[in-house]
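Take a look at the structure set out below.
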Amino acid sequence: MDKNQFMARIQENLLTDSRTDIKSAAPYELHNAVARAVMSDIAAEWNESEKRHNSRRRAYYLSAEFLMGRAVYNNLYCAGVLDQAKEIFSENGIDINCMEETEDAALGNGGLGRLAACFLDSAAAHDIPLNGYGIRYRYGLFRQSISNGFQCESADNWLEHGDAWSVRSEKDAVTVEFADGAVRAVPYDMPIIGYDRKSVNTLRLWQAESMGGFDFGRFDDQKYLEASEEDILAESISDVLYPNDNTEQGRLLRLKQQYFFVSASIQDIVRRYKKSYGSDFSSFAKMYAVQLNDTHPTVAIPELVRILMFREGMSFNDAFEIARKTFDYTNHTVMGEALEKWDVKLFKRLIPTIYEIITLIDAKREKEFAEKGVDSAKISSMAIIDGNLIHMARMAIYGSSHINGVAALHTDILKNDVLKDWYAIYPERFQNKTNGITPRRWIGLCNPELSSLITEKIGDGWITDLDRLSELKKFVDDPSVIDRFNEIKRIKKQQLCDYIKEHEHFELSPDFIFDIQVKRLHEYKRQLLNAFSIMDLYFKVKEHKLPDLQPTAFIFGAKAAPAYRRAKGIIKYINEVAKLVNNDPDVNGKLRVIFVSNYNVSYAEKLIPAADISEQISTAGLEASGTGNMKFMLNGAVTLGTYDGANVEIVEEAGWENEYIFGARVEELAKIRPNYRPKEKIYYTNERVKRVVNTLVDGTFNDGDTGMFGELFNSLINGASWHKPDNYFLLTDLEGYVDTKLRALYDYKNRNMFGKKCWMNIANSGKFSSDRTVKQYAEELWEL
Ligand code: 26W
């Protein structure tokens, strides 16, 4: 559609849906009118893509989370009408950014959910037949505000202004059976618009609804409340996203969510199969590949077996062989507390048939292991049903063709440590698929200024062929190009300053270095280590030990799981550090600290392009990959990080001279760990470390009498009954970290030298496109 048609459609939609016009419409009315115009514009292509993909082998991505972020600008951009929309808005005197107030689908916690969203974008941009299946949560990840330095949570009512980017597909509703009653699953389809409209794929999200609507029988018995109670219980399944990232709680409702969306999705896939290929299921695994995004959708394996056995009359063995060929499993974490184990009793109570099928699967495993000569101790220590617990990762590996890790180092740790018994039996099943990010959202959309410079230098194919960024290398010795890059970085910093001033009421200067750590709050990600490093710098500035330090702003953004007390204590600590530093006239010309509230995808799009330094400082071996690290690299920031996850591959691509790597490595930590005594060996002997750690308890700061800071101190120095002191090796790494950080801050003073490092990061970031990742999945796992 051209600009005039676009404008006409917007006006017509405003009139029909809101009885208003473009000059007097509210932002959400504009948003909905724009969305409807794009939806009708792509409708035919959407249908055509589905038909085209249905005639060949295709793949489905099952995920409990899709962290889509805001759809409107991305969809306008990918549909090729963003510039037209900008013109239409500005001609009518409206700021297109006003639509930022409307929707922002935060249907995920962090990396795993955002990865799923990037994969869908990449598949659509390259006409790869990949559709997503997930849950249409009524409330996404909670909204965060900061009050007196503490995190406060409130509900994320993302559907407040409707859902213009989805189509409810009543005719494809299915029934999901639980032992305590059935629930209706109604699909909502979101179009995934591939860049340049290469194809339009689908994300199908299931909403739970009650079966019968209102129960008038009960109403007649004067049991009005009970009648609506059943509705409420059924609908509560898709009510809210669990806000835990990396900790499993084993709750009944969570298991209901998992089985709910998995059963609906598998039923849907089976229905499609029968429609296209009839009732002979021998080609099922030839036509479909299904990727399990972590263990959360692993009940898909027994669910497919159940449907093939009880609805289609197949034997267990035949059904299981089809399932095993159909599924592949991605592991996203080695953290023990994140590995899902479900209580047998819960399964028996809620989904007894599925439980019975799992016993059959485990019996088959025993037999197969015995035939392979596995010794009996191993056979029982690797049990899927292990005493009272069902190990989902074990079922996922046994019931899949492949298992993959998400970065080279992570896959090595799976093979050699966490899953070594499984690797010994099925070495051919293990693969690596290093994560990636979509360049459309993570540079094209969020950094048009840098995108233009790149296009000016190497032409415009790079946005769907990111390896071409390597052609930028030849400009690294051209000071005028590096100057241009530095100017753009300053523009992005100024834009961020304006936004932070408006939203956080905090003033920042773009002349400061921007050192940014944004990600979920977790002890292993070590935001506390960053805060400690700032305290060390603070003391040094006070003592005049850092002459001519380039002024630096330390920016944090992170949500803590609401029940994760230590994580919340760390947020409070960072805010106390900020208060001290920002209000001390001796240092606040040199150091500033800010914790931005409600960090999410949209905030990331503003923060990441403005960063000079990307903080990626997890304890070595614990961050499976990281994907924020890649987004910063693509936008021209250097990495200050440990040798962990995908950082390893970032250094490999960009060169050691362009990153700042510090800290103990996986092998060193393995040696230190057994006899680690941080109190005696570091705290008591190292005054510099002691001074910083003591700020938790020596009265420098106030935790509002919650005891949180004392608990953090104890976790580092004394440990607790359930863990050793300093589990995440902050004390081991602190000095090396501060020294490396200082090296980066002083290097920055040479603007050309630092700009060249940033430039080399951009030029070498091609590998980290999710286009590359998805193509590898398509070729090496799904065999599309
Ligand atoms: C069941 C509770 C729960 C919830 C979420 C357990 C585990 C998770 C995810 C595995 C957490 C997650 O997002 N992991 C991240 O996945 C990213 C994509 O692969 C990686 O880049 C991150 O390193 C990893 O922490």
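A few notes on this one:
- Anisotropy class assigned to segment 286-419 is rounded, per the alpha carbon gyration tensor with a/c under the 1.5 cut-off.
- Entry note, the chain: relative contact order of 13 percent, from Cα contacts under 8 Å with a spacing of 6+ residues.
- Charge dipole magnitude, Cβ of K and R +1, D and E -1 - segment 496-611, Cα centre, debye nearest 20: 680 debye
- Taken about its Cα centre, segment 547-699 carries a charge dipole of roughly 940 debye when the Cβ of each Lys and Arg holds +1 and the Cβ of each Asp and Glu holds -1.
- Ordering of 570-580, 485-495 by packing [mean C-beta count within 10 Å, highest first]: 570-580, 485-495
- Fraction of antiparallel bridges per DSSP, the chain only, in percent to nearest 5: 40 percent
- Footprinting exposure proxy ranking of TYR288, TYR133, fewest other C-beta atoms within 10 angstrom first, gives TYR288, TYR133.
- Over segment 247-310, all Cα pairs binned in 5 Å intervals from 0 give whole-percent P(r) values of 4, 15, 26, 24, 14, 8, 5, 3, 0, listed from short to long.
- Range of Cα positions in segment 59-128 per principal axis (Å), largest first: 43, 27, 14
- This model, with +1 at the C-beta of Lys and Arg and -1 at the C-beta of Asp and Glu, gives the chain a dipole about its Cα centre of some 1300 debye.
- Tensor-based shape of segment 677-784 (alpha-carbon gyration tensor, a/c under 1.5 rounded, otherwise prolate or oblate): oblate
- In the structure shown, the pairs LYS606/LYS631; LYS501/LYS545; LYS525/LYS741; LYS631/LYS756 are assessed against 20 Å; a Cα-Cα span above that value is assigned to LYS501/LYS545.
- The calculated 222 nm mean residue ellipticity attributable to helices in the chain amounts to -13500 deg cm²/dmol, summing -39500 (n - 2.57) over DSSP H runs of n ≥ 4 and dividing by all residues.
- Between LYS274 and GLN495, the C-beta separation translates, for a Förster distance of 45 Å, into a calculated FRET efficiency of about 0.30.
- Under the Debye formula (equal points on every Cα, no solvent term), log10 I(q)/I(0) of segment 1-148 at q = 0.10, 0.20 Å⁻¹: -0.43, -1.26
- Packing-based ranking, highest mean first, of 450-457, 375-382 given that Cβ atoms within 10 Å are counted: 450-457, 375-382
- Residue (of ILE437, CYS98, ALA43) at the positive-pole extreme of the chain, dipole from beta-carbon charges: ILE437
- Footprinting exposure proxy for HIS402, HIS522, HIS505 (fewest neighbouring C-beta atoms within 10 Å first): HIS505, HIS402, HIS522
- Global dimensions of segment 366-436 from alpha-carbon coordinates: Rg and Dmax equal 12.7, 41 Å.
- Computed from label points 7 Å out along Cα-Cβ, the spacing between THR455 and LYS171 is 4.0 nm.
- Label zone at GLU711, where the point sits 7 Å out along the Cα-to-Cβ direction: segment 546-562 residues whose backbone N lies under 15 Å: 560-562
- Ordering CYS446, CYS98 from the fewest to the most neighbouring beta carbons within 10 Å gives CYS98, CYS446.
- Cross-link table LYS474/LYS749; LYS325/LYS433; LYS345/LYS519, entries beyond 29 Å C-alpha to C-alpha: LYS345/LYS519
- Placing dummy labels 7 Å off each Cα toward the beta-carbon, the span from ARG673 to GLN431 is 2.8 nm.
- When the charge dipole of the chain is built from unit charges on Cβ atoms (+1 for Lys and Arg, -1 for Asp and Glu) and taken about the Cα centre, the candidate among GLN517, SER533, VAL651 whose Cα reaches farthest toward its positive end is VAL651.
- Cβ-defined net charge surrounding LEU14, 14 Å radius [Lys, Arg +1; Asp, Glu -1]: 0
- With 10 Å bins from 0: P(r) over segment 477-595, alpha-carbon pairs, percent: 13, 39, 33, 14, 2, 0
- Compared with the alpha-carbon gap, the fully stretched path from ASN702 to LYS348 is longer by 122.6 nm at 0.36 nm per residue.
- Debye equation applied to the C-alpha atoms of the chain, log10 I(q)/I(0) at 0.07, 0.09, 0.10, 0.11 Å⁻¹: -0.53, -0.89, -1.10, -1.32
Just so you know, all these numbers are worked out from the coordinates, no wet-lab data involved. What you are looking at is a predicted structure, and each value in this text was computed from that prediction instead of being measured. Quick reminder, even Gly has a Cβ in these numbers, built from the backbone with ideal geometry, and neighbours come from all protein chains shown.
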